[in-house]
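Peer 1: Have a look at this one before I ask anything.
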Amino acid sequence: MATQKPNYSEEDLVDSLKQNDRVAFEYLYEHYSGALFSVITKVLRDNEKAEDVMQDAFLKIWKNISSYDPAKGRLFTWMLNIARNSAIDAVRSEKRKPGMDDISENLDRTDQNATYQPSPSTLDLKALVDTLRPERKILLDLVYFQGYTQEEASKELDVPLGTVKSRIRTALKDLKHYFKI
Amino acid sequence: MNISAYIDSGILEEYALGIVSPQEKQEVECLTQVYPELKAELELIEKALEQYALQHGVPVPSRVKDTIFAQMKFGPVAMATEDDGGTTETSPDVAADDEVRSVEPQTATVHPLWGRLAVAASVLLAIFGAWAAYQYGAARDENEQLASQVENLNEQTNTLQQRAEYNEALAANYRNPDVKIVQMPGLEKAPNSEVVALWNQKTNEVLLDVRNLPAPPTGKQYQLWTIVDGKPVDMGMLDDDFQGKLLRMKNSSPNAVAFAITLEDDGGKPSPTMEEMVVMGQV
């Protein structure tokens, strides 16, 4: 949250990252580590382990940045996939299914954590949570943050697959509308 | 292609969420590169999800950053670890259908009696006649069998020769630096399909090597397309007998960015039926 950091466009950021530029990686960390860490903790539910996985994931991003292809999607999508897969792999190596025993508790915890952040986004998040209907948000979070397939989410929540799909799509529509992009 | 129908299908959302099959992933990556409208829509979805994830960010203990950055080296160091996907080629086994035929020798044992020489002689003659007739018949059968064997061998030689010619033509194309090899993996419709376009970028000749495509139902035919300036361009119909040979297609525009095959009614269509796309590959 330092202020002297340059404000990169996505293209410039990717260019600088591909040139292995320290400032760019610092910027990347400042900007995105929180979001990535949140995904990792949601999958792992073990903060100590989550820190290790965060470390692995970020080093993977650094090592493999040359193979990131902007034509295939945004940088964040790529990074989130790496973080989520690292977390899921860590869970699998423990021979435990990704934490699903209590989603609502998980959701509460996320929101609590978010309130600790002394940033204006707290208000945004509250508004956002209100924007997304809970039954849609649960599904979106399961799939997007925890790497569930739609089939798995359907089984886990005992909601028909078609409903899962339409709820997730509506949630995304709401998000697009909310962020007015 | 009907862009809005494709957007409405929800596949871009699934792609952004990371829950598509490898075939669908390939499809989206190709199509978004070909159609700017799709790319723009995907970008919107990704940005919305990104904002959503950023809003959910939680603080990371500062020791984590220190540990991470202590392990990183910066500056213009070549440290790329790139996966090099090697391709393995399997050649079909040549099954040799060898038939071994044996002709059993026929022997007849005769006990002549001196007292009835004439009878014996006639018996002998009769036996010889029978034997000769049998031998003649057997020889004729054998002759026919041999003839059909020769025919089979000829056929086999022909197929082997065709196969050899095909392999030689393939090898020549793969060795030619002017020829761009465009792999077209199967899409959701026919995931096991595999077709390769051999595009000579000097002459713009295009040959198709169909490694695997389901046989088209009657009344249907495969049609090849290229994408040029965001628009599909007809590249001709695939001959129904497409296995094991190189199919000469229409010449390509030098600006083609992708090749794709759709299943269409016999004779083809002026524009591709998106839902019937079986394979696609980027140049």
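The values are calculated or read from the model by the stated rules, or taken from the named source; none is laboratory data. In this text, all values refer to a predicted model and were calculated from it rather than measured experimentally. Positions of Cβ are generated from backbone atoms using ideal geometry, with glycine treated the same way; all protein chains shown enter the neighbour counts. What goes into the accessible areas is simple: the full protein's heavy atoms, side chains included, and nothing from ligands, DNA or RNA. Shrake-Rupley method; radii C 1.70, N 1.55, O 1.52, S 1.80 Å.
Peer 1: Once you keep just the Cα pairs under 8 angstrom separated by 6 or more residues, what percentage relative contact order results for the stretch B:3-57?
Peer 2: 37 percent
Peer 1: Please report, in whole Å, how far the alpha carbons of the stretch B:133-283 spread along each principal axis, starting with the longest.
Peer 2: 78, 37, 24
Peer 1: To continue, here is another question. Give me, ordered by chain and number, the residues 5 or more places off B:HIS56 or on other chains with an amide H under 5 Å from its own placed amide H.
Peer 2: Hits under the 5 Å cutoff: none.
Peer 1: Hey, got the average number of other protein chain Cβ atoms within 10 angstrom for residues in B:59-72?
Peer 2: Average neighbour count from other chains, rounded to a whole number: 6.
Peer 1: Which of B:PRO76, B:PRO232, B:PRO254 ends up with the largest GNM mean-square fluctuation for chain B, with Cα atoms connected below 10 Å?
Peer 2: B:PRO76
Peer 1: Can I ask one more? Quick one: if you stick a label point 7 Å off each Cα along the C-beta vector at B:ALA40 and B:VAL123, how many nm between them?
Peer 2: It is 10.7 nm.
Peer 1: Now a separate question. For the stretch A:1-99, what does the accessible surface come to per residue with a 1.4 Å probe? Please give it in Å². Don't skip to the end; give the middle numbers.
Peer 2: Numbers: 4520 Å² over 99 residues.
Roughly 46 Å² per residue, with all protein chains present.
Peer 1: To the nearest 10 square angstrom, what accessible area does B:TYR166 show with a 1.4 Å probe?
Peer 2: 40 Å²
Peer 1: At 7 Å along the Cα-to-beta-carbon direction for both A:ARG22 and B:ASN143, put a label point, then send me their distance in nm to one decimal.
Peer 2: 9.6 nm
Peer 1: Continuing with this model, one more query. Using the crude model of +1 on Lys and Arg Cβ and -1 on Asp and Glu Cβ, and no other charge, please compute the dipole size for the stretch A:1-99 relative to its Cα centre, in debye to 20.
Peer 2: Computed about the Cα centre, the dipole is about 540 debye.
Peer 1: With a ≥ b ≥ c the root eigenvalues of the C-alpha gyration tensor of the stretch B:3-57, is it rounded (a/c under 1.5), prolate (a/b larger than b/c) or oblate?
Peer 2: prolate
Peer 1: How do B:GLU194, B:GLU27 rank by accessible surface area computed with a 1.4 Å probe, from largest to smallest? If you can, show how the numbers build up before the last one.
Peer 2: Working: B:GLU194 70, B:GLU27 25 Å².
The ordering from most to least exposed comes out as B:GLU194, B:GLU27.
Peer 1: Let me ask another. Would you be so kind as to identify which of B:GLN51, B:GLY10, B:TYR134 lies farthest towards the positive end of the dipole of chain B, taking Lys and Arg as +1 and Asp and Glu as -1 on Cβ and the Cα centre as origin?
Peer 2: Checked the options; the winner is B:TYR134.
Peer 1: Name the longest site-free stretch of chain B, where the excluded sites are trypsin sites (Lys or Arg not before Pro) in a DSSP loop with no more than 12 other beta-carbon atoms within 10 Å.
Peer 2: Excluding the exposed sites themselves, the longest stretch runs over B:102-201.
Peer 1: Per-residue Cβ counts within 10 Å, from other chains only, averaged over A:22-34: what number is that?
Peer 2: That works out to 3 on average.
Peer 1: Starting from one equal scatterer on each C-alpha and no solvent at all, send me the Debye-based log10 I(q)/I(0) for the stretch B:119-174 at q = 0.15, 0.17, 0.26 Å⁻¹, two decimals.
Peer 2: -0.64, -0.70, -0.92
Peer 1: While we're looking at this one, here's another question. Rolling a 1.4 Å sphere over the protein heavy atoms, what is the accessible area per residue of chain B, to the nearest Å²?
Peer 2: Here the residues of chain B average 59 Å² of exposed surface.
Peer 1: Taking both sides together, what accessible area is buried at the B/A interface, probe 1.4 Å, expressed in Å² and rounded to the nearest 100?
Peer 2: On the way: alone 19400 and 11470 Å², together 25720 Å².
For B against A, buried area totals roughly 5200 Å².
Peer 1: Obtain the nm distance between the two label points defined at B:SER271 and A:LYS72 by a simple spin-label model: each point lies 7 Å from its Cα along the Cα-to-C-beta direction.
Peer 2: With each label point 7 Å from Cα toward Cβ, the separation is 3.0 nm.
Peer 1: Just how far, in whole angstrom, is the stretch B:178-248 from the stretch B:140-168 if you go by their alpha carbon centroids?
Peer 2: About 31 Å separates the Cα centre of the stretch B:140-168 from the one of the stretch B:178-248.
Peer 1: Then there's this: Of A:TYR68, B:TYR174, which has the most accessible area with a 1.4 Å probe, and how do the rest follow in descending order?
Peer 2: Numbers: A:TYR68 10, B:TYR174 85 Å².
Correct descending sequence by accessible area is B:TYR174, A:TYR68.
Peer 1: Also: How much length, in nm to one decimal, is gained on full extension between B:SER9 and B:ASN158, taken as 0.36 nm per residue of separation minus their Cα-Cα distance?
Peer 2: Working: separation 149, 0.36 × 149 = 53.64 nm, distance 4.87 nm.
Going from the current span to full extension adds 48.8 nm.
Peer 1: Jot down the radius of gyration and Dmax of the stretch B:195-246, Cα atoms only, both in angstrom.
Peer 2: Answer for the stretch B:195-246, Rg first and Dmax second: 12.1, 37 Å.
Peer 1: Cut-off 10 angstrom, C-alpha nodes, Gaussian network model of chain B. Which of B:ALA70, B:ALA256, B:ALA190 fluctuates the most?
Peer 2: Ranking B:ALA70, B:ALA256, B:ALA190 by mean-square fluctuation puts B:ALA70 first.
Peer 1: What does the net charge come to around B:GLN161 if you take all other residues with beta carbon closer than 11 Å to its beta carbon, with K and R at +1 and D and E at -1?
Peer 2: Neighbourhood net charge equals -2.
Peer 1: Here's a follow-up. Charges on Cβ only, +1 for Lys and Arg, -1 for Asp and Glu, centred on the Cα centroid of the stretch B:119-174; of B:ASN167, B:LEU125, B:LEU146, which one is farthest towards the dipole's positive end?
Peer 2: Among B:ASN167, B:LEU125, B:LEU146, the one farthest towards the positive end of the dipole of the stretch B:119-174 is B:LEU125.
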